[in-house]
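K.L.:
To start, I am sharing the structure in question, which I have written as structure tokens.
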Amino acid sequence: MSKINREELDRLERRELHLTVLFIVFVLILAGGLAVFMYPLVFLHPEGNKWTMRSAFFGFCALVPLFVVYLLDHQKTVRKLKQGILEELERNITLQHQASVDLLQSMPDLNQFWDRLTMEFRRAMTMKKTLSLVLVKLKAREGAGKKSDMAAVGSETAKAISRKLRPADSLNRLSPALFGIVMPETDSMTAKKLAVRFQEELQGVRAAHGTVAEISVHNFPGDVRSSHELEDIVKSLLPEQQEWSQPEVAPAV
């Protein structure tokens, strides 16, 4: 979720205050002019019951400052209400951000991914089964405006992908902008169909944060013949500081 633009809100608040002050000045000028025109008729050349006219005159003079006080009090009350709403909104944004961070931290990381990939690859090779690896890389959409919070983007991406995962599949967060999905006993065609479903689910993330999900599907034995080829594909998408953080993997037979 995007952060609150405090500068824009402060500018709108100042503009509203200026309009209120201008309106008060306008009311005072009109009331003062009306009082000046009423004064001769009330005090110098009264017609009819002069006390009634004078009571109306003084009542009008009393109502004007009361109306001005009401406007100022209304402005103050509205400002307090807005401030309370903004503080609550900021608190909710902070809580949502913390929830996103907690969700990402609870996901299997890169080290667990290497272990799972190694185990599933050995199993697929031994039992003559298929194995698919789907990689989801997030990138800022071309022409997008402000930069989104990667924790929020990553959290929503993980939730969207999880809705389409099967029980045997495992979702891993390899880097802030890269997710890996290990799919045991999945052929290339099935993995590509699932990748299309992932892309459909991620349309909401794209619309909300201006990010594009680049999804690639890699299958054993259709696309790769060894675990090293899969590792090289993953390492090519990882940030430089993470590329060599995987454990040693026994060579494929």
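K.L.:
Across the range 145-175, what is the number of residues that are loosely packed, with under 15 Cβ neighbours inside 10 Å and either in contact (Cβ under 8 Å) with a residue 60 or more places away in the chain or outside the structural domain of Lys128 (by TED's automatic domain parsing) (or both)?
P.N.:
2
K.L.:
Given the conditions (1) in contact with a Phe, Trp or Tyr (Cβ under 8 Å, 6 or more places away or on another chain); (2) modelled with pLDDT under 90; (3) outside any helix (DSSP H, G or I), report the number of the one that Leu230 does not fulfil.
P.N.:
All conditions pass for Leu230, except number (3).
K.L.:
Could you pull out the residue among Arg163, Arg206, Arg225, Arg197 that is basic (Lys, Arg) and modelled with pLDDT of 90 or more?
P.N.:
One residue alone meets the criteria, Arg197.
The values are calculated or read from the model by the stated rules, or taken from the named source; none is laboratory data. Quick caveat, the model's predicted, so the values are computed rather than measured. All Cβ positions, even for glycine, are placed from backbone atoms using ideal geometry, and neighbour counts span all protein chains on display.
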